[in-house]
Amino acid sequence: MEKELSVEELLAKANKPSEDAMKLHPFYKGKLGVTSKCCIRDFNDFAIWYTPGVAAPCRDIAKNPEKVFEHTNKGNFVAVVSDGTRVLGLGDIGPEAGLPVMEGKAILFKYLGGVDAFPICLDTKDPDEIIQACKWLVPTFGGINLEDIAKPKCFYILDRLRKELPIPVWHDDQQGTAAITLAGLINAIKIVGKGKKEVKITMIGAGASNIAISRVMIAAGFPAENIIMVDSKSTLHNGRNDLNTPENKEKWHMCEVSNKEQRMGGIPEALKSADVCIALAKSGPGVIKKEWIAEMAKDAIVFTCANPVPEIWPWESKEAGARIVATGRSDFPNQVNNSLGFPGIFRGTLDVAATTITDEMCIAAAVELAKCAEDKGLSDDYIIPTMDDWEVFPREAVAVGMKAIEQGIARKKLTRDELFEKASAIIKKSRDETGILMDKGIIPMP
């Protein structure tokens, strides 16, 4: 990787989107609005869409609640729910300050997946109140995307809602990051010629993202015993009695099932001889040092995904001997980008009206994502697709929908071809709508 820019220049480049955001957010006064789906030929049509005509579909739904998916847009509505306690790298900034992020998430849902998503920022930090609020939303929404909720309550909220709600619930910081990371890892080990049963994986950080990644990796066939996880204190091992508490049950589970060697120490000890590093810790640089990467195995794979600055600069990892490097940033190769996952995964989930999103559906999405990149030609600097590879999203939707049907959790049974045609049409319509509104000046250019 060429080192063409200084650290100062890279940071200035990283800050440019923030500068533009401060100009364009007040220009548009937010990013999200509501447009009509139905025709309005003249004012007489309101007698169909509202009173008196609307009483007929209301009565039909009252007799058969499942008809709500036929008469309304519930099947394409997703609530993006947050309490603002863990917003990006900003921490606990509150629900109002988190609203721009949730609006942004909603337009990614719409443009990439054709999903009608709405930000729901809640003025409570109480996990049980958040759970109750989500239950109250069920009549309107076909799915819920939990976003930027602090740990450990994010685990509790997701587990409860997945068990208790009749609609799919997804936490993007957990399941989304896991799916994309798994996709990149599948292709990375393919390039270096190593198998999932043999690679030794060190995970830097033990937050919601890495806990979920480890769970999904294990479900996908990576042995738990070959994983070493490191938190802010040390490696996770069965002598970490400080973690044997109810609030740390996810970490303690990793203490019990991972780290076969019972290796102790910090990041340098955990990285020694590792084939893979997956870091979702804190923004760098300098969290991981070059000399530690140099102690990894030959053809090392390094995913350093903290934002806005990775735990170690990519060129430093390369200089230290890493073969494949990925980050969370779009200005370096191999971006681990959640936006590659949730739009297509929800598209497939909604198209078959699945009742939940299982780990197997996430794995199916990851495998399809990996295939999308492989079809275009893998290289050290291309292990995962980018957002402009639009066919990724309908392909993901098909993989997810078919897995839901296979698992018996889909209300609708469609063929693979029917799913692809449906997802492609919905996504194309969404993109075309935005293009037309821009061309007509309805969405003004800044």
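Each row is one residue, and each column tells you yes or no for (1) buried (at least 17 other Cβ atoms within 10 Å of the Cβ); (2) out of contact with any Cys (no Cβ under 6 Å at 6 or more places or on another chain); (3) closer than 17 Å to LEU350 by Cα.
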site: LEU108; (1), (2), (3): yes, yes, yes
site: THR124; (1), (2), (3): no, yes, no
site: PRO139; (1), (2), (3): no, yes, yes
site: PRO166; (1), (2), (3): no, yes, yes
**OP:** State which residue pairs qualify: first residue touching a residue at least 40 places away in the same chain (Cβ under 8 Å) and inside the range 175-199, second residue hydroxyl-bearing (Ser, Thr, Tyr) in any location, beta carbons under 7 Å apart, and separation of 6 or more residues or different chains.
**Re:** THR177/SER209
Subject >> THR358, sole failed condition from (1) within 30 Å of LYS163 (Cα to Cα); (2) of a type in the set (S, T, N, Q); (3) in contact (Cβ under 8 Å) with a residue 60 or more places away in the chain >> reply: (3)
Subject >> Those residues of the range 55-85 which are among the hydrophobic types (A, V, I, L, M, F, W, C) and over 22 Å from GLN132 (Cα atoms), in sequence order >> reply: ALA55, ALA56, CYS58, ILE61, ALA62, PHE69
Original post:
Hey, any hits in the range 381-399 for a residue that's modelled with pLDDT of 95 or more and of a type in the set (Ser, Thr, Tyr)?
Top reply: yes
Original post:
Scanning the range 23-73 for residues that are in a loop (DSSP other than H, G, I, E, B) and among the hydrophobic types (A, V, I, L, M, F, W, C), which turns out surrounded by the fewest Cβ atoms within 10 Å (Cβ to Cβ)?
Top reply: VAL34
Original post:
Considering GLY221, GLY184, which residue is of a type outside the set (Val, Ile, Thr) and surrounded by fewer than 24 Cβ atoms within 10 Å (Cβ to Cβ)?
Top reply: GLY221
Original post:
Just to be sure, is ALA294 among the small types (Gly, Ala, Ser) and crowded, with 22+ Cβ neighbours inside 10 Å?
Top reply: no
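Can you name every one of the helices (runs of 4 or more DSSP H) wholly within the range 311-407 that holds 2 or more residues which are under 14 Å from ALA183 (Cα atoms)? I'd like the intermediate steps shown before the answer.
Working: elements: 314-319, 342-351, 359-376, 392-406.
Once the helices (runs of 4 or more DSSP H) in the range 311-407 are filtered for at least 2 residues that are under 14 Å from ALA183 (Cα atoms), what remains is 342-351, 359-376, 392-406.
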Subject >> Pick from the range 320-344, criterion at pLDDT 95 or above and farther than 21 Å from GLU368 by Cβ, ranking: surrounded by the fewest Cβ atoms within 10 Å (Cβ to Cβ) >> reply: GLY321
Subject >> Which listed residue, of ALA117, ALA97, is surrounded by fewer than 17 Cβ atoms within 10 Å (Cβ to Cβ) and of a type in the set (Gly, Ala, Ser) >> reply: ALA97
Subject >> Test: residue in the range 213-235 that is in the same structural domain as ILE288 (by TED's automatic domain parsing), under 17 Å from the mean Cα position of the chain (by Cα) and among the charged types (D, E, K, R) >> reply: yes
Original post:
For the range 398-446, which residues satisfy the criterion of being more than 29 Å from GLU360 (Cβ to Cβ) and either aromatic (Phe, Trp, Tyr) or not assigned by TED's automatic domain parsing to the domain that holds PHE346 (or both)?
Top reply: none
Original post:
Where residues in the range 34-86 are free of Cβ contacts under 8 Å to residues at least 60 places away in the same chain and hydroxyl-bearing (Ser, Thr, Tyr), which of them is nearest to ILE427 (Cα to Cα)?
Top reply: SER36
Original post:
Right, GLU198: at pLDDT 95 or above, surrounded by fewer than 17 Cβ atoms within 10 Å (Cβ to Cβ), farther than 26 Å from GLN335 by Cβ and in contact with a Lys or Arg (Cβ under 8 Å, 6 or more places away or on another chain) or not?
Top reply: no
Subject >> Matching residues in the range 408-427 - criterion: being assigned to a helix (DSSP H, G or I) and without any contact (Cβ under 8 Å) to a residue 40 or more places away in the chain >> reply: ARG416, ASP417, GLU418, PHE420, GLU421, SER424, ALA425
**OP:** Take ALA208 and decide whether it is in contact with a Lys or Arg (Cβ under 9 Å, 6 or more places away or on another chain) and modelled with pLDDT of 95 or more.
**Re:** no
Original post:
Looking only at residues in the range 224-259 that are surrounded by fewer than 19 Cβ atoms within 10 Å (Cβ to Cβ) and basic (Lys, Arg), which one is nearest to LEU280 (Cα to Cα)?
Top reply: LYS233
Original post:
In this structure, does GLU247 turn out to be among the acidic types (Asp, Glu) and in contact (Cβ under 8 Å) with a residue 40 or more places away in the chain?
Top reply: yes
Original post:
Is there any pair linking a residue in the range 89-118 that is outside the structural domain of PHE420 (by TED's automatic domain parsing) to one that is surrounded by fewer than 22 Cβ atoms within 10 Å (Cβ to Cβ) and among the charged types (D, E, K, R), with Cβ under 6 Å and at least six apart or on different chains, and which?
Top reply: PRO95/ASP123; GLU103/LYS31; ILE107/LYS31
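The values are calculated or read from the model by the stated rules, or taken from the named source; none is laboratory data. No experiment lies behind these values; they were computed from the predicted model shown. All Cβ positions, glycine included, derive from the backbone under ideal geometry; neighbour counts span all protein chains shown.
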